[in-house]
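Undergrad: Please find one structure pasted underneath; my questions will follow.
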Amino acid sequence: MDTRRDFLQKLGISSLVLPFMPLSGWATTKTEKLYDGPVLRVAIMGLGGYGTRVAEAMKSCVKAKLVGVISGTPSKIKDWQTKYGIPEKELL
């Protein structure tokens, strides 16, 4: 590619050919292994905006589990237990 003209010609050709190429060789299938190690058990204190964000993020977490909540409002605790599947009382 000595000149800009050569570059633009090759770019034009590749833009015409690329849509017709099979994607099967390009796509990679990612198989995730299930995590089988220790799980961090977490309790959230304060069920406001920040606590809600943390709990939502932990829904998809594999290496940590939400097992408890602490709040000054008992009705919030019941709601959170229902929403996030937190057991009533878990024995260690």
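The values are calculated or read from the model by the stated rules, or taken from the named source; none is laboratory data. Note that the structure is a prediction, hence the values are computed from the model and not measured. Positions of Cβ are backbone-derived with ideal geometry, glycine not excepted, and every protein chain shown enters the neighbour counts. Please note that ligands, DNA and RNA were not included when accessible areas were found on the heavy atoms of the full protein model with its side chains. Shrake-Rupley method; radii C 1.70, N 1.55, O 1.52, S 1.80 Å.
Undergrad: Which whole-number value in Å² is the accessible area per residue of segment 48-91, probe 1.4 Å?
TA: Roughly 70 Å² per residue, with all protein chains present.
Undergrad: If the chain between M45 and D79 were fully stretched, how many nm would it gain, using 0.36 nm times the residue separation less the Cα-Cα distance?
TA: Value of the extension gain: 10.8 nm.
Undergrad: A further question follows. Give me the distance in nm between label points sitting 7 Å out from Cα along the Cα-to-Cβ direction at E88 and K10, one decimal.
TA: Going from the E88 label point to the K10 one covers 7.2 nm.
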